[in-house]
Every structure is written in C-alpha cells, then in structure tokens.
Amino acid sequence: MIKTDLFTKDELIELQADLLVALGRQGFDIEEIRLIGVKGHGYHATVFSVMIDDNHHVLKVYREAQAFEREVKHLYQVIPKDRFLFVWRAEENRFDYNIVIVEVPDGQELRPKTLTAQSSERLTEQLIALHSLRSRRRVSAKSLKLRIEEMRPLALEHAKEFADYITPEQVAADIEEVKQYLRDNRDKFRVRKSRTHGDLWWSNIIVAEEAVYMIDWERLRFADYLEDLAKMRVLFHFVRRSDPTTFFGRKGVSQDKVDAFMSPILRAYRHSFSDPMLLGRYGFYCFLYGLTFFGNYVYADKKGTLEAINMYLEGRAQFHKHNERRSTSE
C-alpha cells in the first residue's frame, strides 16, 4: 500500500471506493480504480499515479484551495475533452481535500533515451501551438529588471558557498552585464505576451508512442514564450526527491545531447515567429532562471548544492553563448 502523510492505509482504501462511486455519479462507466504510487510532492499538491480501467491517470490532492481553483481553471483551457477531467471539491468528499484526476498518455517522462530528434520535433509542435495564442499586452522590461534586482541579494549571499566556482563579485558583475544588455535592447524585449506553460521541465513532458504531451498546468500564464524554453534548459540540472532524482544520473548533464534536443526547437521558433531577437532574449531568460533558482536556494535545504551552482552556471553560459552567436548570425 502507498505510504503518504495525507491518508492512512484505511483512508486510501476508502478513497478508492469513494472515487468509484463519485465517478459513476458523474456519468463515467468505471470498473476499477487503483492508486499505485505517489508520483511527487509539489508546493501545493501531492500527485498520485492511478490506474482507471487499465489507463494511466494522475490524481492531484491539493493542500491549498487557491492553487486548486487556479489549476482547474487552467486545465479546462488546455486539456482536450478526450483526456478525462474529474474535479472533486473538498465539500463533496469526506477527506476535505480538493482533488483532480487527468488522464496521462501511456508514455514516460522525458528521459535521456527519449531525448531524440523525433521527440524534439513533436514537443516543438505542441509548444508553438501553445505559444501562438498571443495577448495584446506586452512584456515589460521594467518588470524584468525588478525580477533581477529581487534576486541580487539572495544570489550574492549564496555565492559565498561556492568559492571553488564563483565569487559574489563575479555574480554582481554578471548581473550588471545582463542588466546593461536589457537596457540596450529594451524595446526588443517588449514583445506581445503568449500563453505559456510556466513550469516546463522534464518531469512535465510525457513522451508517448504517438506524441509528446505537457502536463501540470498550474502555472499557466501569459509571458514571453522564450521563458518556457529557457526554464526547460536550466532545469535539466534540477534534482528532485523522487526517483529518478536527476535527468542524466550520476554522470551529470550531457550538454551535447541537450544541445541536440534544444537547437531544432530554437530554429523552428525563429522560422515560425520571425523573431530577430529570439536568441538574445532566450539567453537572457536562461540567465534569469539560473539566477532565480540559485538565489532562492540560499535559504532552502539545497543551499550550497552542486544543483544550485550548476543551474546558475548554465544560465550564464547560455546568455554568453547566444549573445556571441547573435553578433555573427542574426
């Protein structure tokens, strides 16, 4: 039986039985439900893997009502009707939790063996379709500057933990360089906002036999579409508690494989969006996310970890790489 702090062993049995009844009342013809494991613990919810009549689903149990309402709204916007959406509000069940069930394609999280040209192409199709939904509102260069400044004191404090890699003075110099780049290209950052996933990383990308899918839409928002791509790049270094804990295992991130996966995506975006500043903004956002995770970890249990410095160095490297490339190829 699954081990979880949310439910006792008996409550898990009761949960399965109650779900069967509740689904039936909503018109679903279901014969069997089996909770098969805890998939992960997010900031606002615990995610279970669940089998419903031999089909894979995820069941999310929300600890925060606002996060539940936000994601339900987003799910109705992006989840196809044939992927099955069941919303079970806290006042409708005996457990006092808000619960959502969504069908997951019979595939697996993006892994090194699925980091292929085919999966890159299929993910690109999904992302371009999502990012083509544009808003009249534009990105604010001022807000980007504020995001950098917000992270400055945290990042400088955290840099003291990494004498073998970087100094606070080097981080301060990096921040000034990126801010100057933002000032020099202020108007080119004011692109129209797109609908973005908001939390795109390998755990939220499912590679199935017939397609690639994105899951976990809690942070859906309008922003520069390059934020999704940059966040995905930096989070190849992310380390989580559940297995597998890292993307590439003990050997660390293979930059060649990640480059081979990401480069066609960037090329397709340059073609589809005719965006002359694409690489420059992408590099900027890579730095912003590297800085953000690095700064946020200063007071977390990941303070001083290789994960933290690797994400910062990745963001900095992508910023320098794409600005150098921009001067010769764009």
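The values are calculated or read from the model by the stated rules, or taken from the named source; none is laboratory data. None of the values given here were measured: they were computed from a predicted structure. Heads up, the Cβs are rebuilt from the backbone with ideal geometry, glycines too, and the neighbour counts pull from every protein chain shown. The protein model used for the area step is the full one, side chains on, heavy atoms only, and it has no ligands, DNA or RNA in it. Shrake-Rupley method; radii C 1.70, N 1.55, O 1.52, S 1.80 Å.
Within the range 201-219, is even one residue outside any helix (DSSP H, G or I), of a type in the set (A, V, I, L, M, F, W, C) and without any contact (Cβ under 8 Å) to a residue 40 or more places away in the chain? Let's see the steps before the verdict.
Going residue by residue through the range 201-219, those that are outside any helix (DSSP H, G or I) are 201, 205-219.
So of that shortlist, the ones also of a type in the set (A, V, I, L, M, F, W, C) come out as 201, 205-208, 211-212, 214-215, 217.
Now drop any that are not without any contact (Cβ under 8 Å) to a residue 40 or more places away in the chain, which leaves 201.
Among the residues of the range 201-219, at least one is outside any helix (DSSP H, G or I), of a type in the set (A, V, I, L, M, F, W, C) and without any contact (Cβ under 8 Å) to a residue 40 or more places away in the chain, which makes the answer yes.
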Criterion violated by Leu19 - all others in (1) assigned to a helix (DSSP H, G or I); (2) on the phi > 0 side of the Ramachandran plot satisfied: (2)
Single match in Asp174, Asp228 (criterion: in contact with a Ser or Thr (Cβ under 6 Å, 6 or more places away or on another chain), of a type in the set (Asp, Glu) and either in contact (Cβ under 8 Å) with a residue 40 or more places away in the chain or not in a loop (DSSP other than H, G, I, E, B) (or both)): Asp228
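So, in the range 22-48, how many residues would count as being under 15 Å from Phe86 (Cα atoms) and part of a loop (DSSP other than H, G, I, E, B)? Please lay out each step first, then the result.
Restricting attention to the range 22-48, the residues satisfying the condition of being under 15 Å from Phe86 (Cα atoms) are 22-30, 33, 47-48.
Those left that are additionally part of a loop (DSSP other than H, G, I, E, B): 26-30.
Result for the range 22-48: 5.
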Residue in the range 53-68 that is acidic (Asp, Glu), open to solvent by less than 70 Å² (accessible area, probe 1.4 Å) and at positive phi present: yes
Residues located in the range 55-80, provided they are part of a helix (DSSP H, G or I), within 27 Å of Arg34 (Cβ to Cβ) and without any contact (Cβ under 8 Å) to a residue 12 or more places away in the chain: Tyr76
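Suppose we filter the range 85-100 for residues that are in contact (Cβ under 8 Å) with a residue 40 or more places away in the chain and either open to solvent by less than 30 Å² (accessible area, probe 1.4 Å) or of a type in the set (Phe, Trp, Tyr) (or both); how many remain?
Here is the first cut: in the range 85-100, the residues in contact (Cβ under 8 Å) with a residue 40 or more places away in the chain are 86, 88, 92-95, 97, 99-100.
With either open to solvent by less than 30 Å² (accessible area, probe 1.4 Å) or of a type in the set (Phe, Trp, Tyr) (or both) added as a condition, the list becomes 86, 88, 93, 95, 97, 99-100.
Number satisfying all stated conditions: 7.
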Residue in the range 245-258 that is among the aliphatic types (A, V, I, L, M), in contact with a Phe, Trp or Tyr (Cβ under 6 Å, 6 or more places away or on another chain) and within 21 Å of Gly42 (Cα to Cα) present: no
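Could you check, for the range 309-330, whether at least one of its residues is in contact with a Pro (Cβ under 7 Å, 6 or more places away or on another chain) and over 23 Å from Gln170 (Cβ atoms)? Before the answer, list the steps.
Taking the range 309-330 and keeping what is in contact with a Pro (Cβ under 7 Å, 6 or more places away or on another chain), we get 330.
Applying the additional criterion that residues be over 23 Å from Gln170 (Cβ atoms) yields 330.
Yes: the range 309-330 contains one or more residues that are in contact with a Pro (Cβ under 7 Å, 6 or more places away or on another chain) and over 23 Å from Gln170 (Cβ atoms).
Only residues that are open to solvent by less than 30 Å² (accessible area, probe 1.4 Å), under 14 Å from Asp243 (Cβ atoms) and within 19 Å of the chain's Cα centre (by Cα): list them for the range 31-46, please. I'd like the intermediate steps shown before the answer.
Restricting attention to the range 31-46, the residues satisfying the condition of being open to solvent by less than 30 Å² (accessible area, probe 1.4 Å) are 33, 35, 37, 40, 45-46.
Among the residues that remain, those that are also under 14 Å from Asp243 (Cβ atoms) are: 37, 40.
Passing the criteria: only Gly40.
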Matching residues in the range 246-272 - criterion: being free of Cβ contacts under 8 Å to residues at least 40 places away in the same chain and either under 17 Å from Glu121 (Cβ atoms) or among the acidic types (Asp, Glu) (or both): Asp256, Asp259, Ser263, Leu266, Arg267, Arg270, His271
Members of the range 234-276 found to be more than 28 Å from Lys302 (Cα to Cα), surrounded by fewer than 16 Cβ atoms within 10 Å (Cβ to Cβ) and of a type outside the set (D, E, K, R), listed by number: Ala260, Ser263, Pro264, His271, Ser272, Ser274, Pro276
